[in-house]
1. Let me spell it out: the conditions are (1) free of Cβ contacts under 8 Å to residues at least 24 places away in the same chain; (2) touching a Lys or Arg at 6+ places or on another chain (Cβ under 9 Å), and A:Gln173 meets all of them except one. Which number is the exception?
2. Among the residues of segment A:47-63, which ones are within 7 Å of another protein chain (Cβ to nearest Cβ) and either closer than 18 Å to A:Pro82 by Cβ or touching a residue at least 40 places away in the same chain (Cβ under 8 Å) (or both)?
3. If a residue has to be within 9 Å of another protein chain (Cβ to nearest Cβ) and either open to solvent by 50 Å² or more (accessible area, probe 1.4 Å) or touching a residue at least 24 places away in the same chain (Cβ under 8 Å) (or both) to count, how many in segment A:151-170 make the cut?
4. Answer yes if at least one residue in segment B:444-458 is touching a Lys or Arg at 6+ places or on another chain (Cβ under 7 Å), of a type outside the set (Val, Ile, Thr) and crowded, with 18+ Cβ neighbours inside 10 Å, and no otherwise.
5. If I ask for residues that are open to solvent by less than 20 Å² (accessible area, probe 1.4 Å) and aliphatic (A, V, I, L, M), which ones from segment A:391-423 would you list?
6. Quick one: how many residues across segment A:358-390 are of a type in the set (D, E, K, R), at pLDDT 95 or above and either open to solvent by less than 10 Å² (accessible area, probe 1.4 Å) or touching a Leu at 6+ places or on another chain (Cβ under 6 Å) (or both)?
7. Could you please find all residues in segment A:331-350 being open to solvent by less than 20 Å² (accessible area, probe 1.4 Å) and either within 9 Å of chain B (Cβ to nearest Cβ) or among the small types (Gly, Ala, Ser) (or both)?
Protein chains: 2
Amino acid sequence: MEGLSLSKTQMEFEYDGPSMKTEVPGPRSKELTKQLGEIQNVGAINFFCNYEESRGNYLVDVDGNRMLDVYTQISSIPIGYPAEFPMFTSFSSQSAFVNRPALGIMPPENFPEKLAESLLSVAPSGMSRVQTMACGSCSNENAYKAMFIWYRNKERGHNIPSDEDVSSCMINQSPGCPDFSILSFMGGFHGRTMGCLATTHSKAIHKLDVPSFDWPIAPFPKLKYPLEEFTRENAQEEARCLEEVEDLIVQWRQKGRPVAGIVIEPIQAEGGDNHATPDFFKKLRNIAHKHGSAFHVDEVQTGGGATGKFWAHEHWGMDDPADIVSFSKKMLTGGFYHKDELQADKAYRIFNTWMGDPSKNLFLAEVLNVIRRENLLEEVTRSGKTLLQGLYQLQDQYPNLLSSARGQGTFCAIDIRDDATRNSILLKARDKGVLLGGCGDRSIRFRPALVFKEYHVHMFLNVFSDVLAEHN
Amino acid sequence: MEGLSLSKTQMEFEYDGPSMKTEVPGPRSKELTKQLGEIQNVGAINFFCNYEESRGNYLVDVDGNRMLDVYTQISSIPIGYPAEFPMFTSFSSQSAFVNRPALGIMPPENFPEKLAESLLSVAPSGMSRVQTMACGSCSNENAYKAMFIWYRNKERGHNIPSDEDVSSCMINQSPGCPDFSILSFMGGFHGRTMGCLATTHSKAIHKLDVPSFDWPIAPFPKLKYPLEEFTRENAQEEARCLEEVEDLIVQWRQKGRPVAGIVIEPIQAEGGDNHATPDFFKKLRNIAHKHGSAFHVDEVQTGGGATGKFWAHEHWGMDDPADIVSFSKKMLTGGFYHKDELQADKAYRIFNTWMGDPSKNLFLAEVLNVIRRENLLEEVTRSGKTLLQGLYQLQDQYPNLLSSARGQGTFCAIDIRDDATRNSILLKARDKGVLLGGCGDRSIRFRPALVFKEYHVHMFLNVFSDVLAEHN
């Protein structure tokens, strides 16, 4: 594998700070946005990037503006923007990029080995099986299907469908297409394809005008931060939500729509960086067990190290935390881990043409090597502490502007007085060379890459502090 | 763009025929299948490949068996397995592979240009807008969402949702999540995520145990082949199906589940290579117009040139063939073209983190250059004629074994006496160095790459003829 690993020098090379040349978006970005507007809806475009010039924690735009990136392509860049790409020097690696196989029928020779080096080397506790998929939504859709298949076979007591199952499923009817449900949480985000979307409840714009399923939706605890200062109130709120979960499971069973699975994020990200305690997740896991529902932890945004552990659910300290764990974003490929019993019983049930993209596994193996070699999870824990301390200080300094600073590792957030002020802060910070993202109604989420060090935190806090002073 | 194009020599270099060393799967494939079996369900694995050694129309497996590939990774390889990958010599191209952006918010500078060079350069008639997605299922899911949004705004007479729309959609309820439907056809295949799956009706194994929507399913014409010999019967059958389509649209409107869109493949592929005439599609298009439903042509398998035209629907000879055309597979990226009015009215409605993968657009631009330079559509037409003639001859020779030879370009198929014989023929052909795929109950589908020339057809027919002789 000579020539295939990112060297220390390549990782460490980056710029020494932001550098702004124009307003953002600048003239070149505006011109390109207009061009792209002839082809697509460009309402969400921030600006266009020069990825060749981007390095480490710095994203460079097409107008030459260099920004400290604390959003990282919606939390999807694991180790920053690398300076060189040594993998392409190898002919056999190139082949992996050009010859995209139908992985489910004709995988390349190194496929099991690369899965072992990449995804399996960081498999969650109790899981030795993984299925890759092309994106986060497909990962969750297929995880839901795996739970439905598992639940139905459990209900049958065997895996042989009846003739009626076979004929009715062809026309979308029960019993072949049973009225099973997935229990999700208000404020959750699990993707935008129609199965996922029925479990997504973060913003109306995602769901409006799209038909959905009548599935149960439980309240997610609304906790007070810092969690450790409000343990009693928070425990009450969590108990209330757990009680509601059990009620819903019973109600939906009575309605003839039994809950085959429960899906939850370890931290509700898109919905506003809403945290819950390990105790909540442990009890929820037990409720799933008790009622025979599968427990699916969606780590699409939380996974990959940003919380200081590779998987956010590791903070719960459980040996058997989940039946299914889905991922995407920082993992560079979508997919899901699952327990043995959640594997579909027959071929072609969890299947599509591409089933992921093996070239992404090659990248991921490289990225994981860097994470280990550079001890990036420790780095994240260190930077995260400094970041959260800084946010606490700013919150004390600007009590009318800021509240509820919270986070795990560098996966942090803070609430702003109102939506308009939040949006203004995001734009002002960008003008000063710091890229941030919003989430929920009025939160800012911090999503740096794993190479975000303490001196980057200080650089960020300085800019952020200036911006806040302008909004006080 | 120096150094970025595939030269004629690179394209033409390939082996001179199949060469078999072991049975298939051979010992190395079996060993790897066992390894992968510890990680995934391997029930669908045929064998493992050596993609570095594969060239042109020949796929080489890990046991050194070299097979003429007439299935091409479930019809997803456009121009065969290339010998060299000149794109990787350019640093800026490499960056596109390593730095995967969130395309919907921060696209790379060359994104509009590459869309123009690739997808837009082959846009279907009447369509200048395209949205990329990561796979075929996501493409159809998002196309359905675009149709629902369009239909709902048409119904409202404006695009401003009511407060009730906004609040009800968050809990999956009408009117925010309306009870709209997509009309699909029995035998159709449109993917495996839950929205797509509600329109897929080709095989029970795809649908079993997964909850679905109560959406209308129309009969797809069951025609007699060759189509031109049975024009009267076929026209009657098509009229019957069209009548049923109109009945279903009226019924579902009365049920409160109006048909927002109709989705159909130009040739039902997975469902058994079922053809219909241009007249059928023209009339169906008119029915959609008449009832205010969007018309979605799914070209995921048929698109990209295998029918002898770039899009199979071009054979219908219409100026305004569709409102939405989705693609994936040979296009190397998923996505959909659409008319201006089908563009979502607001940002973040058709959206996800990756929104495709710009590195695939770079490959596609290269592939399209080769298709044009080498006149591959003419090649396909020529090879396809020879292939279909050959199938007709074999069908005359083996009337008890073969029937219903049919095809457009090299996108051909033939029916076999029964399922067991079909499967035996597929395996025997593989042992003799020819890779084929099945579809429907008892059909064989031919899906060579666009570089499949007349001498490849003859090579294939010789092997196929030998295999048939063993089954007569």
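The values are calculated or read from the model by the stated rules, or taken from the named source; none is laboratory data. Note that the coordinates shown come from a computational prediction; the quantities given were computed from them, not determined experimentally. Cβ coordinates were reconstructed from backbone atoms using ideal geometry, including for glycine residues, and neighbour counts include every protein chain displayed. Ligands, DNA and RNA are excluded from the accessible area calculation, which covers all protein heavy atoms including side chains. Shrake-Rupley method; radii C 1.70, N 1.55, O 1.52, S 1.80 Å.
1. Looking at each condition in turn, A:Gln173 falls short on (2).
2. To start, the set of residues in segment A:47-63 that are within 7 Å of another protein chain (Cβ to nearest Cβ) comprises A:47-52, A:54, A:62.
A:Cys49, A:Asn50, A:Tyr51, A:Glu52, A:Ser54, listed by residue number.
3. Quick first cut of segment A:151-170, residues within 9 Å of another protein chain (Cβ to nearest Cβ) only: A:151-153, A:161, A:165-167, A:169-170.
Keeping just the survivors that are either open to solvent by 50 Å² or more (accessible area, probe 1.4 Å) or touching a residue at least 24 places away in the same chain (Cβ under 8 Å) (or both) gives A:151-153, A:166-167.
Result for segment A:151-170: 5.
4. The first filter runs over segment B:444-458 and keeps only residues touching a Lys or Arg at 6+ places or on another chain (Cβ under 7 Å), leaving B:444, B:454.
Narrowing the set further to residues that are of a type outside the set (Val, Ile, Thr) leaves B:454.
Then keep just the ones that are crowded, with 18+ Cβ neighbours inside 10 Å; that gives none.
Within segment B:444-458 (the criterion being touching a Lys or Arg at 6+ places or on another chain (Cβ under 7 Å), of a type outside the set (Val, Ile, Thr) and crowded, with 18+ Cβ neighbours inside 10 Å), the answer is no, since none of the residues qualifies.
5. A:Leu391, A:Leu394, A:Leu401, A:Leu402, A:Ala405, A:Ala413, A:Ile414, A:Ile416
6. Result for segment A:358-390: 0.
7. Pass one, segment A:331-350, residues open to solvent by less than 20 Å² (accessible area, probe 1.4 Å): A:331, A:333-338, A:342, A:344, A:349.
Hits for segment A:331-350 are A:Gly334, A:Gly335, A:Ala344, A:Arg349.
Residues are listed down the side, and each one gets a yes or a no for (1) at pLDDT 95 or above; (2) of a type in the set (S, T, N, Q); (3) more than 21 Å from B:Asp61 (Cβ to Cβ):
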| residue | (1), (2), (3) |
| --- | --- |
| A:Phe88 | no, no, yes |
| A:Ser92 | no, yes, no |
| A:Asn99 | no, yes, no |
| A:Met106 | yes, no, no |
| A:Gln131 | yes, yes, yes |
| A:Ala134 | yes, no, yes |
| A:Tyr151 | yes, no, yes |
